[in-house]
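Following: one structure in structure tokens, then a few remarks.
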Amino acid sequence: MLNDNREYDYTQAGFSTRPEYEVIAQWIPPGSRVIDLACGNGSLMHHLIEHKNVVIEGIERAPSGVDHCRENGLAARCGEIDARETYAGYAAGMFDFAICNVTLHMVMFPEVLIDEMTRIARHLVLSFPNFGHLFNRLDLLASGRMPRPQLFGYHWFDTGQIHQLGVRDFLDFCRRCSLRILRQQHMGRPALLAHLMPPLFSRSSIYLCAKKF
């Protein structure tokens with residue numbers, strides 16, 4: 001199918017930017033040791049190097065994304081970010097920050113991903129589209145079909161979003177995984193409502209977390 005985001009091809013892609021990049025950059029001190037999980041073509045890594053001078057590497061399942069990273073001087077390798085064997089070479093506490101940007105909902109085993117992130121890094125940055133957004137709720141109510149506003153143009157059968165979640169789902173997930181939420185940013189319009197009532201009005205949410213001890 002032409003419109004399909006289950007397998008990404010970064011052959012023609014250059015570096016791009018996303019709204020959450022600035023938020024993530026604000027949370028990471030200069031010189032931090034960072035790993036970007038599902039790094040794509042390295043756009044976020046490139047952004048953090050340019051703006052925060054971090055020491056960063058990435059893991060990406062798409063070979064074309066890894067190739068793009070390496071061609072542009074970024075450290076990256078192929079791997080499934082929700083498979084324990086991917087992290088065999090990483091020591092506990094090796095990184096200051098582990099980032100999983102808008103990919104948590106696209107892996108088969110998010111609990112494995114979180115477990116490994118908390119093992120190798122002191123802080124976690126996690127972001128996801130809020131499937132509980134008001135527009136999604138209204139779309140499901142009106143049409144009786146899987147809502148599409150948070151699928152960004154895709155359908156239920158050609159999207160990589162296999163574990164769609166809302167803000168309240170994420171908060172429950174944090175409790176189950178013993179994660180402390182240190183900071184959060186909710187993006188949507190109007191911005192005030194996204195901040196005050198994120199379960200309804202946040203289009204995407206970004207969290208800085210750490211393991212509870």
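Just so you know, all these numbers are worked out from the coordinates, no wet-lab data involved. The model shown is predicted, which means the values in this text are computed figures rather than measured ones. With ideal geometry, Cβ positions are generated from the backbone for all residues, glycine too; neighbour counts draw on all protein chains shown.
In terms of overall dimensions, the stretch 20-211 has a Cα radius of gyration and Dmax of 16.6, 50 angstrom. Looking at the stretch 156-213, the trypsin sites (Lys or Arg not before Pro) that sit in a DSSP loop and have at most 15 other Cβ atoms within 10 Å of their own Cβ are Lys212. With respect to the chain, whose longest principal axis is taken over its alpha-carbon atoms, helix 43-52 is tilted by about 60°.
Can you tell me which of Met108, Met45, Met117 moves the most in a GNM of the chain? Springs connect C-alpha atoms under 10 Å apart. The residue that fluctuates most here is Met108. Each residue of the stretch 55-63 was assigned a 3J(HN,Hα) from its phi angle through the Karplus curve 6.51 cos²θ - 1.76 cosθ + 1.60 (θ = phi - 60°); the sequence is 9, 9, 9, x, 10, 8, 7, 7, x Hz, with glycine and proline shown as x.
When the dipole is taken about the Cα centre of the stretch 76-153, and only Lys, Arg (+1) and Asp, Glu (-1) are charged at their Cβ, what size is it in debye, to the nearest 20? My answer is approximately 260 debye. How tilted is helix 167-176 with respect to the longest principal axis of the chain? Cα atoms for both, answer in degrees (0 to 90, nearest 10). Value to nearest ten degrees: 50.
Each of Phe157, Phe128 was scored by other Cβ atoms within 10 Å of its Cβ. Arranged with the fewest first, they read Phe157, Phe128.
At 222 nm, what value in deg cm²/dmol follows for the chain if DSSP H runs of at least 4 each add -39500 (n - 2.57) and the sum is divided by all its residues, to the nearest 500?
Working: 8 runs with 68 residues, N = 213.
Result for the chain: -9000 deg cm²/dmol, rounded to the nearest 500.
Here's the picture: charge each Lys and Arg Cβ at +1 and each Asp and Glu Cβ at -1 in the chain, and of Gln184, Phe128, Tyr154 the one pushed furthest to the positive end of that dipole is Gln184. Computed about the Cα centre, the dipole magnitude for the stretch 20-211 is approximately 640 debye when only Lys and Arg (+1) and Asp and Glu (-1) carry charge, each at its Cβ.
Give me the percent relative contact order of the stretch 44-139, please, defined on Cα pairs under 8 angstrom at least 6 residues apart. If you can, show how the numbers build up before the last one.
Values: 111 pairs, mean separation 21.4, N = 96.
After rounding, I find 22 percent.
Relative to the dominant Cα principal axis of the chain, helix 134-143 is inclined by about 50°. For Phe95, the residues whose modelled amide H falls within less than 5 Å of its own, excluding neighbours fewer than 5 places apart on the same chain, are Ala121, Arg122.
Given an 8 Å cut-off on Cα distances and at least 6 residues of separation, report the relative contact order of the stretch 70-190 as a percent.
Numbers: 124 pairs, mean separation 27.3, N = 121.
Relative contact order of the stretch 70-190: 23 percent.
Rounded to the nearest 20, the Cβ-based charge dipole of the stretch 120-213 about its Cα centre (Lys and Arg +1, Asp and Glu -1) stands at 420 debye.
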